[in-house]
2 protein chains.
Amino acid sequence: MQKASLVKGTRDFGPIQVAKKNYIFDTIKKVFKSYGFAPLETPSMEKIETLTGKYGEEGDQLLFRILNNGDILPKAESNFDSNRALKSAISDKGLRYDLTVPFARYTAMNMHALKMPFKRYQIQPVWRADRPQKGRYREFWQCDADTIGTRSLICELECIEMFDKVFSALNLPVVIHLNHRKLLEAIAIHLGFEGEFEAFTVAIDKMDKIGFDGVVKELESKNLDTSKFENAQSLLTTFDFESKQLKDLDETLTSVLATQAIKDLSEIRGYYNQLDNDIVLDTSLARGLSYYTGCIFEVKLKEGGFGSVAAGGRYDDLTEVFGVKDISGIGISFGADRMYDVLEDLNLFPQEMSKMTDVLICPMDKDVFSFALQTARKIRNNTQQSCLVYPKEGKLKKQLDYANALNAQYAIIIGSEEVEKNEVSIKNLNSGEQKNMDLTQLIELLK
Amino acid sequence: MQKASLVKGTRDFGPIQVAKKNYIFDTIKKVFKSYGFAPLETPSMEKIETLTGKYGEEGDQLLFRILNNGDILPKAESNFDSNRALKSAISDKGLRYDLTVPFARYTAMNMHALKMPFKRYQIQPVWRADRPQKGRYREFWQCDADTIGTRSLICELECIEMFDKVFSALNLPVVIHLNHRKLLEAIAIHLGFEGEFEAFTVAIDKMDKIGFDGVVKELESKNLDTSKFENAQSLLTTFDFESKQLKDLDETLTSVLATQAIKDLSEIRGYYNQLDNDIVLDTSLARGLSYYTGCIFEVKLKEGGFGSVAAGGRYDDLTEVFGVKDISGIGISFGADRMYDVLEDLNLFPQEMSKMTDVLICPMDKDVFSFALQTARKIRNNTQQSCLVYPKEGKLKKQLDYANALNAQYAIIIGSEEVEKNEVSIKNLNSGEQKNMDLTQLIELLK
């Protein structure tokens, strides 16, 4: 006998958890679809060369690699120089680490057949060998939507609207933080970090965690001149996303980069009147990933403490590494697992998530089974209700306990008397009300 | 630059393929749900000891093992005795090989919380390092439903009905082959193979591939006495699944085992009048897996050549290996990938699978974008139609080409003139018909 247990950092999703997960996925999917995004699914495994070198040194360490099949001894024997060499020799595949790289690989392979702009959404698990902790899993889900093949700022608007719609639908008030990489670069130059944009963004990106003083220390630790940085606090902050604030910023920064960014942002601002959620221009928003080139987004809960629940931005060279150039695009990603935890903590999942079936049919005697099965067949064929026949006769209390454990809405009780009269006794398990009726009436009721 | 390519035996599913795959999954899911099965999802990775020893020697070879993270050199160095020892030392996880073992592991871990009978369905990918060939992939999908915790033959009936309903819904006529392991054992004894049941079933299981004479040769190669086997052809064949045939078989075999099996089969037969598809009692059906103990099923296409598309059976000790005894259950599994290929070959997927959006909005000038976006918002908020704004103004032909490439049903054309009149021009892309209307009329039309 062996003890049954899970791999560290992974989870089972029982019936209720699946229902909750699908509630989030379906909400996101519905919004993606309504904006004309079409689904893509890529394999769980990618060639190791597709994955490595895309996520930085740390990312490469966190990849789950798949051991080659067959005899690995000979290759292992001749590659004992280093851990890295050994791993490369005996594993040529890895598990998907995100959805962006597989999407880029797919795009490069299918360029000839894709009609641009191509809008795809993708909701699939990804795997990372991170240290598991509350809210961080080794198998988790990403929900991405990308539009590629156009620089139109309509796409930026769509991203904002989709963030807005998803979190409205989930009753989760958020603040959409928006920035533009060119605006950030203009600010970096204004503060004296010309030519040091990457170090600057890496430091800024930590503002949430280490605070303003921490950022100053970090910059100084890299021997950067922070003498002009005293102006930073009024520049690296949140602004109302309105034309006056955009104009003021443009006048403060007086640079070509800033003007380009403000032009984009103003155009986007002009495309809508109102959102359900708040939106701010957050010039301290950096986004770690270096491939962003235009607008960037991060969505945070209005009632804080949970970090970001969605993010995204525009990029210019997603597929370049695979030999396909000049594909501009923009993508967003929802963190479904964090959203799940938040909805759970705030008790915001709809009640019906715990219902495992609609109707339980309770046969009282062995010889009523044919009638019970016939009733089940009628319900399944003529209504949308799911229905289950308790597989053993007798003991009404036991059967009703079972119905309650499943959170069923109705119990249909069938004894010999009911069969004789060609009717059933139906009990509403919420109200406790019980009455007899024939099958036609039953179907009408359940429809 | 690197060449973008897929791992051997894996596939991308583009928008149309996802729609087709979901058509199959949704059909199966709907039937499972209507019978009160609730969803379960288990992690892609399991501990290697959960997986090994469950699928036979060959199965263990076909597992995809995941390389341990961190430095594997020390452990590799001290475990160079054999390929097996090395692999065990450096990988303690593997990818899901089927859905049955994870389900057993889940059941054992959650026994205290599960209300019996527990009915779960599970639709997830599994991975096997089989040699890829047409119709055989290294990542493929299983669609399972199991009822555990009851020996009621209602469950067998439900399996038959679910096979029937799924293939009816897919317009794919099938023949449901049914047998009972005890009946097969009675036949084995009748033919002189007492005590050799496993060797007998292994040989019988190959009947489809090697024919009757091949089975005889296989049995003889194992030094079994085939002198009584001449009677086999009339006993190992398909019968109408009707009470007369059951009675005849019982009289021929005259054994306790046969009588038990016939009693089960007769009870099941008594539970229904008619199915959409054919059902036969197929006494030559063995099912390779040794854990079956009662009824077994295999579903084959009526127009043959594709092998089986679904299968299942009753088992008695699914969770025993994890220390939980006496859990009888019954499960079925649909082979979604084979079903996909069959539906594709027979051109049976519904037409609408290729529609990537419902409506394309075509803005003719830069300054109509606000109106175009407002129209899109109205459509998304007030109808179920998905809708996409072409992100760049101008060139109607190019935009209509795009609409056609997406298989959209409508193009909504908006120029300055339309904006002035506060209306749109809508073109039905199937009929070619085009007319102008205001937004209220448009919403009415699209609803």
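The values are calculated or read from the model by the stated rules, or taken from the named source; none is laboratory data. What you see is a predicted model; the values in this text were computed from it and never measured. Every residue, glycine among them, receives a Cβ derived from its backbone with ideal geometry; neighbour counts consider all protein chains shown. Accessible surface is based on the protein model in full, side chains and every heavy atom, while ligands, DNA and RNA are left aside. Shrake-Rupley method; radii C 1.70, N 1.55, O 1.52, S 1.80 Å.
Can you say what percent of the DSSP beta bridges in chain B, counting only those with both residues inside, are antiparallel? Round to 5.
Working: 54 of 68 bridges.
Just about 80 percent of them are antiparallel.
Could you tell me whether region B:361-408 comes out rounded, prolate or oblate from its Cα gyration tensor? Rule is a ≥ b ≥ c as square roots of the eigenvalues, rounded for a/c under 1.5, then prolate if a/b exceeds b/c, otherwise oblate. The partial results should precede the final answer.
Numbers: a/c = 3.54, a/b = 1.18, b/c = 3.01.
In terms of gyration-tensor shape, oblate.
Can you give the mean number of other chain Cβ atoms that lie within 10 Å of the Cβ atoms in peptide A:382-392?
Numbers: counts 0, 1, 3, 3, 8, 4, 10, 7, 5, 13, 5.
Per residue, the number of nearby Cβ atoms from other chains is 5 on average.
With a probe of 1.4 Å, find how much accessible area region A:355-446 has per residue, and write the answer as a whole number in Å². Before the final figure, lay out each step's value.
Working: 4310 Å² over 92 residues.
Here the residues of region A:355-446 average 47 Å² of exposed surface.
In the structure displayed, which of B:54/B:222; A:134/B:3; A:427/B:325 lie more than 27 Å apart, Cα to Cα?
Details: B:54/B:222 25 Å; A:134/B:3 39 Å; A:427/B:325 35 Å.
Beyond 27 Å: A:134/B:3; A:427/B:325.
Would you please give the FRET efficiency between residue A:3 and residue B:396, computed as 1/(1 + (r/R0)^6) with r the Cβ-Cβ distance and R0 = 60 Å, to the nearest 0.05? List each step's numbers first, then the result.
Details: r = 67 Å, r/R0 = 1.12.
So the FRET efficiency works out to roughly 0.35.
Count, for each residue of A:71-82, the Cβ atoms from other chains sitting within 10 Å of its Cβ, then give me the mean as a whole number.
Working: counts 5, 6, 8, 1, 0, 8, 3, 0, 1, 4, 1, 2.
For this peptide, the per-residue mean of nearby foreign Cβ atoms is 3.
Rule-of-thumb check for the protein assembly as shown: C-alpha Rg over 2.2 N^0.38 Å? Could you put the intermediate results ahead of the total?
On the way: Rg = 31.1 Å, N = 894, 2.2 N^0.38 = 29.1 Å.
In units of the 2.2 N^0.38 Å rule of thumb, it is 1.07.
Would you kindly find the accessible area of residue B:236, with a 1.4 Å probe and non-protein molecules such as ligands, DNA and RNA excluded, rounding to the nearest 10 Å²?
10 Å²
Considering region B:83-179, what Rg and Dmax in Å follow from its alpha-carbon atoms?
17.6, 50
Of B:363, B:385, B:441, which is farthest on the positive side of the dipole of region B:355-446, counting Cα position, with +1 on Lys and Arg Cβ, -1 on Asp and Glu Cβ, and the Cα centre as origin?
B:385
Compute, for chain A, the length of the dipole vector about the Cα centre, with Cβ point charges of +1 (Lys, Arg) and -1 (Asp, Glu) only. Units Debye, rounded to 20.
On the way: 57 positive and 65 negative charges, 314 e Å.
Here the size comes out at about 1500 debye.
Taking the Cα centre of the protein assembly as shown as origin, sum charge times position over the Cβ atoms of Lys and Arg (+1) and Asp and Glu (-1), and report the length of that vector in debye to the nearest 20. Could you put the intermediate results ahead of the total?
Numbers: 114 positive and 130 negative charges, 6 e Å.
That gives a dipole near 20 debye.
Using alpha-carbon pairs under 8 Å, 6+ residues apart, how would you state the relative contact order of chain A in percent?
Values: 727 pairs, mean separation 66.0, N = 447.
Relative contact order here is 15 percent.
Buried accessible area between B and A (1.4 Å probe, both chains summed, ligands and nucleic acids excluded), in Å² to the nearest 100? Before the final figure, lay out the partial values.
On the way: alone 23360 and 23360 Å², together 38180 Å².
About 8500 Å² of accessible surface is lost on pairing.
Ranking request for peptides B:342-354, A:57-69: highest mean number of other beta-carbon atoms within 10 Å first, then the rest in descending order. Intermediate values should be presented prior to the final figure.
Values: B:342-354: 12.8, A:57-69: 18.4.
Ranking, from highest mean packing down: A:57-69, B:342-354.
Out of the DSSP beta bridges found with both residues in the protein assembly as shown, what percent are antiparallel (nearest 5)?
In the protein assembly as shown, DSSP labels about 80 percent of beta bridges as antiparallel.
Rank A:174, A:216, B:256 by accessible area, highest first, at a 1.4 Å probe radius?
Numbers: A:174 0, A:216 30, B:256 110 Å².
Reading off the accessible areas and sorting them downward yields B:256, A:216, A:174.
Just the number: Rg to Rh for region B:252-334, Cα atoms, Kirkwood Rh, two decimals. Could you put the intermediate results ahead of the total?
Values: Rg = 14.8 Å, Rh = 14.9 Å.
Radius of gyration over Kirkwood radius for region B:252-334 works out to 1.00.
Could you work out how far apart the two model spin labels at residue B:213 and residue B:199 are, taking each label as a point 7 Å from the Cα in the direction of the beta carbon, and quote it in nm?
With each label placed 7 Å out from Cα toward Cβ, I get 2.3 nm.
Relative to the first principal axis of the alpha-carbon coordinates of chain B, what is the inclination of helix B:15-34, with its axis defined by its Cα atoms, in degrees from 0 to 90 and to the nearest 10?
60 degrees
Cut-off under 18 Å on the C-alpha distance; same-chain residues fewer than 8 positions from residue A:302 excluded. Which lysines are left, in chain and number order?
A:165, A:209
A 21 angstrom limit on the alpha carbon distance is what I want to check against. Which of B:421/B:447; A:29/B:21; B:355/B:397 exceed it?
Values: B:421/B:447 23 Å; A:29/B:21 16 Å; B:355/B:397 19 Å.
Where the Cα-Cα span goes over 21 Å, the pairs concerned are B:421/B:447.
For region B:294-447, what percent of Cα pairs sit more than 27 Å apart? Show your work: numbers first, answer last.
On the way: 5792 of 11781 pairs.
Counting every Cα pair in region B:294-447, those more than 27 Å apart make up 49 percent.
Taking a ≥ b ≥ c as the square roots of the Cα gyration tensor eigenvalues, with a/c under 1.5 meaning rounded and otherwise prolate when a/b beats b/c, else oblate, which class fits region A:355-446?
Working: a/c = 1.35, a/b = 1.07, b/c = 1.26.
In terms of gyration-tensor shape, rounded.
To the nearest 10 degrees, how steep is helix A:243-253 against the longest Cα principal axis of chain A, on a 0 to 90 scale?
Taking Cα atoms only, the helix is inclined about 30 degrees.
Suppose a student asked you for the relative contact order of region B:265-330, using Cα pairs under 8 Å spaced at least 6 residues apart; what percent would you report? Please list the in-between numbers first.
Numbers: 68 pairs, mean separation 14.1, N = 66.
RCO, region B:265-330: 21 percent.
222 nm [θ] for the protein assembly as shown, helices only, -39500 (n - 2.57) per DSSP H run of 4+, per residue, to 500?
Working: 36 runs with 364 residues, N = 894.
Value at 222 nm, helices only, nearest 500: -12000 deg cm²/dmol.
If I take every Cα pair under 8 Å that is 6 or more residues apart in region A:355-446, average their sequence separation and divide by the length, what percent do I get for the relative contact order? Walk me through the intermediate numbers first.
On the way: 160 pairs, mean separation 30.3, N = 92.
It comes to 33 percent, rounded to a whole number.
If you put +1 on each Lys and Arg Cβ and -1 on each Asp and Glu Cβ, how big is the dipole of region A:93-187 around its Cα centre, in Debye rounded to 20?
Working: 15 positive and 10 negative charges, 90 e Å.
Taking the Cα centre of region A:93-187 as origin, the dipole is about 440 debye.
For region B:355-446, give the share of DSSP beta bridges that are antiparallel, in percent and rounded to the nearest 5; count only bridges with both residues there.
Values: 9 of 17 bridges.
Bridges in region B:355-446 are about 55 percent antiparallel.
Is region B:1-87 best put as rounded, prolate or oblate by its Cα gyration tensor, with a ≥ b ≥ c the root eigenvalues, rounded for a/c under 1.5, and otherwise prolate when a/b is larger than b/c, oblate when not?
Working: a/c = 2.93, a/b = 1.63, b/c = 1.80.
Oblate, since a/c reaches 1.5 and b/c is not below a/b.
On C-alpha positions alone, give me the angle between the axis of helix B:154-169 and the longest principal axis of chain B, in degrees, nearest 10.
With rounding to tens, the tilt is 40 degrees.
If I take R0 = 51 Å and measure r between the Cβ atoms of residue A:273 and residue B:290 in this structure, what FRET efficiency does the formula 1/(1 + (r/R0)^6) give, to the nearest 0.05?
On the way: r = 68 Å, r/R0 = 1.33.
Working from the Cβ atoms, E equals 0.15.
Here is the link list: A:93/B:33; A:182/A:244; A:392/B:20. Which ones come out longer than 28 Å on Cα distance? Provide the component values of the computation, followed by the final result.
Values: A:93/B:33 36 Å; A:182/A:244 19 Å; A:392/B:20 38 Å.
Among A:93/B:33; A:182/A:244; A:392/B:20, the Cα-Cα distance tops 28 Å for A:93/B:33; A:392/B:20.
Let's test the formula: R0 of 22 Å, r as the Cβ-Cβ distance of residue A:222 and residue A:58. What FRET efficiency results, to the nearest 0.05?
Working: r = 18 Å, r/R0 = 0.83.
Efficiency, from the Cβ-Cβ distance: 0.75.
Within 10 Å of each candidate Cβ there may be at most 16 other Cβ atoms; applying that plus a DSSP loop requirement, which trypsin sites (Lys or Arg not before Pro) in region B:386-423 survive? Don't skip to the end; give the middle numbers.
Details: sites: B:392, B:395, B:397, B:398, B:421; in loops: B:392, B:395.
For trypsin sites (Lys or Arg not before Pro) across region B:386-423 that sit outside H, G, I, E and B with at most 16 neighbouring Cβ atoms in 10 Å, the list reads B:392, B:395.
What nm value, rounded to one decimal, do you get for the distance between residue B:436 and residue A:231 when each label is placed 7 Å out toward the C-beta?
The answer from the label model is 5.4 nm.
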